[in-house]
Amino acid sequence: MNRLPIHGLEVFLTIVREGSMRAAAKALGVGAPAVTLQLKALEETLGVDLLIRTTRSIELTDAGRALFEGAAPAHRDLIYAIKKSQEMTKSTTGTLRLSMSRGAYMAAVAPVLADFQTENPGISLDISWNEELVDINRAGFHAGIRLGDTLEQDMVAVRVTGPLAPAFFASPTYLDRHGRPERPLDLLKHRCLRYRQPTSGKVREWWVKEGGQDKRIDPPAWLTFDTVIGVIQAAREGHGIGWSMRVTMEEHLSTGQLETILDPFVKDLPPFYLYYPKQNKRVECLRLFIDCLKAHYRKQPKS
């Protein structure tokens, strides 16, 4: 398929609308010779004469009239579509689609949500809680939020939290029945509730800090879930000891349904980052959301 001679068509339509080659050149911001050359190239490409040029006027040929009547409305629609596209990236109204885990929502988004909605009433957030590593381009999301150790390399990344505090946790009922571990190796004697990462299928490793060193603990799984919520629920029901970001279970700690253990041995997790493809850099709704997250992060005490 031959490429459309867009530049030549624009010159031709402008000449007809403006009534002369000189006026068309002024409207297009180019010299008159450039207009003449573009028109000649278009006529040669199409194999027809479009205009009858005299020293006093310009008249359309039959072929020129047919082209103008057919192309002028399409050109107006094209200009409208371009302007509409530009307005969408600059608009402070619309829907922002985001992909994140429940933990990312609780750690990064929930603390700023009320302020963001107050400051940006025209922006709606469409949030998908998903613990899989989603291809946000293919799934149609504007951005996602992930831990820093799972980011895709070809994305723009913006840090939106500090390092995240994890916790080992269990119900008081379980701990009263089976005892409270005093050191990380004691976990090997307990019923442990493990989390399997949905994308990789791997059971997430447990890490501790002991004697100034980072150590991996890999106790047998009594129960394994592919959601963090499943681990927390099983722990609340007294089935064993789980491990996750502290923020995901904070409400259950405050009510006494869960309690933490081995607090002196926890090792921080990487921060959360908001990430997005480079082509979304000019989306104004996304910029405003990022600014809100960054402002909140800057106010947090740094460890």
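For every residue, the table says whether it meets (1) among the hydroxyl-bearing types (S, T, Y); (2) in contact with a Gly (Cβ under 9 Å, 6 or more places away or on another chain); (3) modelled with pLDDT of 90 or more.
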residue	(1), (2), (3)
E131	no, yes, no
I145	no, no, yes
R159	no, yes, yes
S200	yes, no, no
Subset of the range 208-240, residues on the phi > 0 side of the Ramachandran plot and surrounded by fewer than 14 Cβ atoms within 10 Å (Cβ to Cβ), comes to G211, G212
Subset of the range 215-240 [among the β-branched types (V, I, T), at pLDDT 95 or above and either part of a strand (DSSP E or B) or over 20 Å from A104 (Cα atoms) (or both)]: T224
Of the residues in the range 180-214 that are among the hydrophobic types (A, V, I, L, M, F, W, C) and part of a helix (DSSP H, G or I), the one that is farthest from E132 (Cα to Cα) is L185
Could you tell me whether W243 is surrounded by 15 or more Cβ atoms within 10 Å (Cβ to Cβ), modelled with pLDDT of 95 or more and outside the structural domain of M106 (by TED's automatic domain parsing)? yes
Could you tell me which residue of the range 88-129 is modelled with the lowest pLDDT, considering only residues that are of a type in the set (S, T, Y) and more than 22 Å from M155 (Cβ to Cβ)? S91
Restricting to the range 16-27, give me the number of residues that are over 16 Å from A72 (Cβ atoms) and assigned to a helix (DSSP H, G or I). 5
Considering the range 22-74, residues that are polar (S, T, N, Q) and surrounded by 13 or more Cβ atoms within 10 Å (Cβ to Cβ), and then whichever is farthest from R3 (Cα to Cα), we arrive at T61
Among T260, T248, T255, which is the only one that is over 30 Å from T93 (Cβ atoms), under 26 Å from the mean Cα position of the chain (by Cα) and not assigned by TED's automatic domain parsing to the domain that holds T118? T248
Subset of the range 246-268 [surrounded by fewer than 18 Cβ atoms within 10 Å (Cβ to Cβ), of a type in the set (S, T, Y) and not in a strand (DSSP E or B)]: S254, T255
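The values are calculated or read from the model by the stated rules, or taken from the named source; none is laboratory data. Computed from a prediction, not measured in an experiment: that's the story for all the values here. Heads up, the Cβs are rebuilt from the backbone with ideal geometry, glycines too, and the neighbour counts pull from every protein chain shown.
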